[in-house]
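Below: the structure, in structure tokens.
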Amino acid sequence: MGTLYTPELTNEKILQNDLHRWRTFCADCRLWEAPTKILHSHTLNWQEVKFERSNATMLPQSMGVYMFVLRSSNAPMTNGQHSYIMYVGQASNLQERFNGYFGYVKSKKPSDQLKRIMILIWQERLQFHYFETPNFTKKELTDIEFDLINMTVPPMNNQFRGDVINQNIKAYAHVELYLPALTGQFGQWRYYQVAITVADVVRNFGTRNSPNFRIKTVEEVSEIYSERGVSNLLQRAYDIKRLIPIKKYLLMQPDKYINNLTVAVFGGSPDWLNLDISYSAAGLSVSGQDLEFLGDTFGVIKLTGVETLFVLDGQHRLKGLRAAYEEDSSIGEETISVTLIVHEDSDEGRERTRRLFSTVNRHAKPVSLGENILLDEDDVSAIITRRLIEEYPLFRNREAIALNKSANLYTNQYEDKFTSVIALYHINELLLDNQSIYNSVYGELGEDYNSIKIRVRPDSQVIDSATLDVYTYWNIFFDLFPDAVRFIEGERNFGLERAHGGPFYLRPVGQEVMAMLYVQLQDEPNIFAQVSNIPTSITDPFWLFIMWDGANVIQAKSHIRDYLFYQFGCLNDPKKLAKLKKNYQKYANDEAAELPAAQFLL
């Protein structure tokens, strides 16, 4: 069954995708003839039956090793004896294991998908080869199984012992890859812009425990940072917390898109194959010079598999793609854009590549938080921020919300702006239970949901319910501070007072702290209602050395929050109380200054 956002990978789709029929086989005789761990000390009495349900009773109910062999039914193919070893396994009961394979066509488990594909596509041509091992220990059985796997490297197995495989992987895993591409030159860099499937991007020529990825992250190669200490530092620079959100986004978001990866090519320049476009350009008004440029720009890149490819920009995206593909291989059919840059194998070349890696990652300028809030269709807090601006009755059709680079307002906005987009977003983050909102999307992550940088849009009912919670808060806020309503409706004098102090509730920092207090006292609505009795002007002695130092606004949000919690008797942490007193004395420039007495105790 597919998820809300991910269509089901049906048997029909598997059968329609011809890529599943193309597999890589190992023809390295050295592996076939290499010494084995245990296999050479036993004589194997192989039996075989055609893979049909009716043949299940022909198999013994004993332990043994088996393999699936794909055999051609075409007589001219060496008298119908042309065959491939597709899969090797072991069984404690060969008959039960044989019967179990017919159920894989209905399996949705990621670990079962290679077996599912094998049974779906080749069931009518599969032979089941087996030999019994009634007197073997479990360890001996496993050793023989992996001896056979290491010798034959069956294409439908995905676990290998690794010692032999890793030594010889490049001898048999070369896969030529042809990619449509554009090429160009910028400065000293020759680049190729290619379209490539996710399956080719994440391809692992090694094993799960000893991976050898087609495209590596920088810390996975030694050609650039050969010192292990530097490699370890780069590995630690990778933020594992970003992996699950990226994976979930790729698997569950119907409008998903992954940005271009920048990848360096080491160990050989890609083969560039020009395309003759003169025929396609026939009849078009294209000059000879333009035609030459087009012919030199469009072509095909050939990668042989011996190159080392490592990502310069996009390591989190690459690892997110790997994780998503491991869970659902159907994403491998998606196509993404990759920029290939040729890396020169020399000290000077390594220096240039390190500089490019640094430049790409240091000078990339992300979209501002305010712009993201206005554009994001998956972050519930951002969605509700836009709803507040466009639909909340008091804000609708009024330009009372500022789009600034920070949550604060500028002095030239005091006349007509109530707050900022970022302040509204921060308040939503305080009011909403993100743990509950995103739990249905991400499952139990065991981490702070507020720290998730990539979010997947939950059900519309969840968003509507969260919107109602936020609207409820603002209704209470404006009931407690009616002068804020009059300011938004056009009485500008309240706002202009902010140049020399003014109401705390017309400052984003004051609004955010009010939301914190509301969350703290959510089960005590009558007590929260007492905030209407707080002196509104920040120049009042109540706020001195809290929000006002006698001349300027104090923007220390946690200091203001702890002071209000203290005033309402809910600052229960002795360390926070001590810190509050210390900060109060710092702003008062008086080590003997005492906090004002709490006036609104619970």
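Would you mind checking 557/579; 115/319; 557/582; 13/115 for any pair whose Cα atoms are more than 20 angstrom apart? Write out the running numbers ahead of the final one.
On the way: 557/579 13 Å; 115/319 25 Å; 557/582 15 Å; 13/115 15 Å.
Pairs exceeding 20 Å: 115/319.
What whole-number value in Å² describes the accessible area per residue of region 452-517 for a 1.4 Å probe? Mind dumping the intermediate values first?
Working: 2570 Å² over 66 residues.
Ligands and nucleic acids excluded, the figure is 39 Å² per residue.
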For residue 581, give me every one of the aspartates and glutamates with a C-alpha distance below 18 angstrom, ignoring sequence neighbours fewer than eight places off in its own chain.
549, 562, 573, 590, 591, 594
Please give the solvent-accessible surface of residue 208 in Å², to the nearest 10, using a probe radius of 1.4 Å with every protein chain present.
150
List 20, 343, ordered by accessible area with a 1.4 Å probe, largest first
20, 343
Ordering 57, 385, 24 by how much accessible area each has at a 1.4 Å probe, largest first, what is the list?
57, 24, 385
Considering only protein heavy atoms, what is the solvent-accessible area of residue 459 at a probe of 1.4 Å, reported in Å² to the nearest 10?
70
In this structure, among 106/139; 139/248; 106/247, pairs with alpha-carbon gaps over 26 Å are 106/139; 139/248
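Using a 1.4 angstrom probe on the protein heavy atoms only, could you order 138, 50 from most to least accessible area? Walk me through the numbers on the way to the answer.
Numbers: 138 130, 50 70 Å².
Per-residue accessible area, sorted high to low, gives 138, 50.
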Within region 511-602, report the GluC sites (Glu not before Pro) that DSSP leaves as loop and that have at most 13 other Cβ atoms within 10 Å.
591, 594
Which of the aspartates and glutamates could a cross-linker span from residue 417 if the Cα-Cα distance has to be under 16 Å and same-chain partners fewer than 8 positions apart are dropped?
390, 399, 483, 489, 491, 497, 512
Quick one: how many Å² of residue 586 are accessible to a 1.4 Å probe, rounded to 10?
120
The aspartates and glutamates whose Cα lies under 13 Å from the Cα of residue 50, excluding any fewer than 8 residues away in the same chain, are 124
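The values are calculated or read from the model by the stated rules, or taken from the named source; none is laboratory data. Bear in mind that the values here come from a model prediction, so they are computed numbers and not experimental data. Note: ideal-geometry Cβ built from the backbone for every residue, glycine included; neighbour counts use all protein chains shown. Side chains included, ligands, DNA and RNA excluded: accessible areas come from the protein's heavy atoms. Shrake-Rupley method; radii C 1.70, N 1.55, O 1.52, S 1.80 Å.
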